[in-house]
Amino acid sequence: MECKNPDGTEWECAYYGLITYESLRKLEGKVLTILDAVLPDKEQCKATKDIFRRTFWFDWVDNGIYKGKDGPPNGMPSVSED
């Protein structure tokens, strides 16, 4: 995408989209449903879903960020201490 100042000079621009917590939960649910459908072994399915859940909610963000005095929203998976 090209971004230009009023004088015609170009500048680097970045656009960020916001997504609601509920939308993330719906997306997570859809992926978990797909995993249920394609992995017949219960133990393998649970392990894969646990890995996905961890990656989806925590591996892409620094766990040290401030999450507010009340912590994560209700229903958000907790991080287990490894």
Restricting the search to the stretch 8-42, which residues are surrounded by 10 or more Cβ atoms within 10 Å (Cβ to Cβ) and among the aromatic types (F, W, Y)? Y21
Taking the stretch 32-82, which residues are modelled with pLDDT under 60 and among the hydroxyl-bearing types (S, T, Y)? Y66, S78, S80
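The values are calculated or read from the model by the stated rules, or taken from the named source; none is laboratory data. Everything numeric in this text was worked out from a predicted model, so none of it was measured. Virtual Cβ from ideal backbone geometry, glycine too; neighbours counted across all protein chains shown.
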